[in-house]
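> I am attaching a structure below and will ask some questions about it afterwards.
The values are calculated or read from the model by the stated rules, or taken from the named source; none is laboratory data. Everything quoted here is computed from the prediction, not taken from an experiment. Counting neighbours? That spans all protein chains shown, and the Cβs are built from the backbone with ideal geometry, glycine included.
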Amino acid sequence: MKIIITSVCLSFMLLCSAISSKAATYYVIDGVEFKLTPATLNLAQYNWVLGTVAATAGQVSASGIYTNTINLSSPLVAETKTLSLSVLETLSGCLSLPVENTIIVLPKTLTALVTSANNFCSGQPISALLTMTTDAVTGLPGGISIITSWTKDGAPFTLPADKIVTAAGVYVAKTSYVLPGGALVNPTQLLASASQATVTIVGGIALPGVPALSIL
Amino acid sequence: MKLIISILAIVLMSVVFPFVPVFSQPANAIYATAQGSGGGPNGLAAGSYDVENLSNANYSGTSDNSYALLTASSTVLTYSAWVHLTFPNLITSSNGSPVTIYIRTTETASALLGGSLVLQGYNNTSGTGNSATTSALPYKTYFLADGTIFLAVTISSDFQSVRATLTSPIALGTNTMRIYYAFYGPSATNTSNPYPFNLTDCGIPNVTTKESSGLTLGNFSIKDPGNAIDTDPTFATKSSFITNGVSLLTGHVKQIFFFNGLSNSADAIRLVISKSGGLLAVNLLNGISMQAYNGSALVGNAQIAFNILDVSLLVPMGTSGTPVAIYFAPKDASNNSVLFDRVEVDLNIGVLGVAADNNALNIHDIRRLPSAPAAGNVTVCNNIGSITLSALSSQEGLLSSSGLAYRWYSSLIGGNSLFTGNNYNATGLTTPGSVSYYVNVAKTGCALESERKLVNVTVVQAPITPATALNP
């Protein structure tokens, strides 16, 4: 009886471990190369399959690292792809159960920032309307959003509701993705996805001297 | 131990196959249709003779159990009684193509109290005039499952009738003999087997004979030979090899079983035997050999029972009265299957020597079946956990129209079939190691299955896909 129970448990554990290999979601950026590195390298064979297309020899290193650059069909439409991996420990041996990783390809954001006026003369109050625009990205899976963060002279800054700034400085609007909590984030990829725009508001510009007049 | 024996016994006894009507004679047999009788003294003998119910010596259907009764009694010298059985037409026969006549009775020569039985052929209907045979013909005794007997005589010239003459003992004795009918097989396989080929039969022997030979001291024979072919599914009945004595250098007791003509290619024999007495099973099995024949010609190599018995059956074989099955596939020196119409089971008393024991060997059943199908061992990954096992019988082509049934099991003996079909999808193979399956084959319509073929499935631990990490 004990043997039977042990065998059943062992089978269940093996089955579970086979099925529960960590399937992950990775966020990559349109047109930016990325690599996926297996935790165990240098096995006999790695079978990477993107969707239904097996990786080419050039996409898989001898040690098993997968390298690819995915270009979106439409630059502003995110795409979700499946990248599965299975391995052979020895040639002609058993193939592991494929683990399907999700690859979400995010468009690069494109941010523009314009101001109603850049330069203000000395004694003139500064009042500039900052208008920031970002290309609309579609196809984002649930839980992903785009935020804009502002800095003024390198320090965090909150743009007033009327979007009018009254002080001189370097204003930077930066848009980036916010990923679902717990999702795997790669800083480099995220960095590549971000875009920013800068405007400089200059105030206190000295008034030009009034030239002396003389009657000749 | 007891468990194994019990399982074996249950398994063997629970093989579900019905009693099959025994074929007394070929379906297309041609019977003698006219009868005559007579008798009288031999020389100056005093006595009497009688032939009762002469008209009963005529075949009247499959349930015909009526007979004419010959009685020959003497007080001085010998008296004879005879019946004369006439066929509808002259039967063409020659040295090159002889014909064998079979007369159904219940008595053997050894049952006669002295005296004799003489069989003689005639080329006319009356038994007068020239006989087709110039002297008494040697006859052979065939035993049937129902206890009756065929006396067979082979005639090598044209004939139309045959006469059976029973002679009394010399003085103060009476011999009796039943005569049911006489026939011959127009499609006989050969002169000693009247039964024609039957592609789809279930391999039940029709008749059996027994022989003994060699220098022996004691009683060596076979008791109840017909019981070995009575298809009793419980194996309660048996023929018993009487080995009461010792051999002097050599000695054999043999039982021969006759089937429906030649076998199909790749047929095998299933022999169910048990031992009695104190002989070691190993010794007994080493004294049993099996040999196939085509007519009187040896075909294929003989096999010693010990060499072909599955080793797991040695223990139950060691218990008296426990039937075990031995499978014998007649093959030649090149390991090719041979065609055969009979099989001889030979108990070599010379091997047993002084250890010979009374009723040493029992034969409970014997059948001709397809050989075990071919099926290869396979390997499966534990993460797949299932694989299709395939089996193929060498007789697939032969029996494609009537069909073969493949059955899969998880044990060599007994158990319920897991699946019927030549492709079995084995599942649950998730634990690394080895799993054994067994497959056999049976002709459609025949309950008895071939030997089981072992199929080993090696379950291999599959690797686990490693986790991955995203790099820039």
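> Out of (1) part of a strand (DSSP E or B); (2) modelled with pLDDT under 95; (3) more than 14 Å from every other protein chain (Cβ to nearest Cβ), the odd one out for B:A469 is which?
B:A469 satisfies every listed condition except (3).
> Pairs under 7 Å by beta carbon, first residue in the same structural domain as B:Y438 (by TED's automatic domain parsing) in the range B:409-427, partner among the acidic types (D, E) and in a loop (DSSP other than H, G, I, E, B), six or more apart or different chains?
Hits for this filter: B:L412/B:D310.
> Only one residue in B:K238, B:K223, B:K254 is in contact with a helix residue (DSSP H, G or I) (Cβ under 8 Å, 6 or more places away or on another chain) and of a type in the set (K, R), so which one is that?
B:K238
> Follow-up question, since we're still on this one. Any residue at all in the range B:419-435 that is of a type in the set (S, T, Y), in a strand (DSSP E or B), surrounded by fewer than 16 Cβ atoms within 10 Å (Cβ to Cβ) and within 14 Å of chain A (Cβ to nearest Cβ)?
yes
> Also: Checking the condition under 27 Å from the mean Cα position of the chain (by Cα) and more than 14 Å from chain A (Cβ to nearest Cβ), which residue from B:S450, B:S411 passes?
Only one candidate passes the filter, namely B:S450.
> Determine whether B:D201 is among the charged types (D, E, K, R), out of contact with any Asp or Glu (no Cβ under 9 Å at 6 or more places or on another chain), crowded, with 19+ Cβ neighbours inside 10 Å and over 17 Å from B:T100 (Cα atoms).
yes
> Sort through A:I147, A:I126 and tell me the only one that's not small (G, A, S) and not in a loop (DSSP other than H, G, I, E, B). Spell out how you get there, then give the answer.
Values: A:I126 fails: not in a loop (DSSP other than H, G, I, E, B).
Among A:I147, A:I126, only A:I147 is not small (G, A, S) and not in a loop (DSSP other than H, G, I, E, B).
> Could you list, in sequence order, all residues of the range B:46-71 that are surrounded by fewer than 18 Cβ atoms within 10 Å (Cβ to Cβ), closer than 15 Å to B:T105 by Cβ and polar (S, T, N, Q)?
B:N53, B:N65, B:S66
> Against the condition closer than 26 Å to B:T216 by Cα and surrounded by fewer than 18 Cβ atoms within 10 Å (Cβ to Cβ), how does B:G278 come out, does it pass?
Yes, satisfied.
> Considering only residues of the range A:129-171 that are over 27 Å from A:G203 (Cα atoms) and small (G, A, S), which is surrounded by the most Cβ atoms within 10 Å (Cβ to Cβ)?
A:G139
One line per residue, one yes/no per condition, for (1) modelled with pLDDT of 85 or more; (2) touching an Asp or Glu at 6+ places or on another chain (Cβ under 9 Å); (3) not assigned by TED's automatic domain parsing to the domain that holds B:F258:
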{"position": "B:N95", "(1), (2), (3)": "yes, no, yes"}
{"position": "B:N124", "(1), (2), (3)": "no, no, yes"}
{"position": "B:A132", "(1), (2), (3)": "no, yes, yes"}
{"position": "B:L137", "(1), (2), (3)": "no, no, yes"}
{"position": "B:V153", "(1), (2), (3)": "yes, no, yes"}
{"position": "B:V162", "(1), (2), (3)": "yes, no, yes"}
{"position": "B:N190", "(1), (2), (3)": "yes, yes, yes"}
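> Restricting attention to the range A:61-112, which residues are over 30 Å from B:T430 (Cα atoms) and among the hydrophobic types (A, V, I, L, M, F, W, C)?
Scanning the range A:61-112 gives A:A62, A:I70, A:L72, A:L76, A:V77, A:A78, A:I103, A:I104, A:V105, A:L106, A:L110, A:A112.
> Looking at B:S187, is it under 21 Å from B:T86 (Cα atoms), assigned to a loop (DSSP other than H, G, I, E, B) and within 23 Å of the chain's Cα centre (by Cα)? Show your work before the answer.
Working: under 21 Å from B:T86 (Cα atoms): yes; assigned to a loop (DSSP other than H, G, I, E, B): yes; within 23 Å of the chain's Cα centre (by Cα): yes.
Considered against the rule, which asks whether it is under 21 Å from B:T86 (Cα atoms), assigned to a loop (DSSP other than H, G, I, E, B) and within 23 Å of the chain's Cα centre (by Cα), B:S187 comes out as yes.
> OK, next. I'm trying to understand the selection: among the residues of the range B:72-89, which are surrounded by fewer than 20 Cβ atoms within 10 Å (Cβ to Cβ) and of a type in the set (A, V, I, L, M)?
Within the range B:72-89, B:V76, B:L77 qualify.
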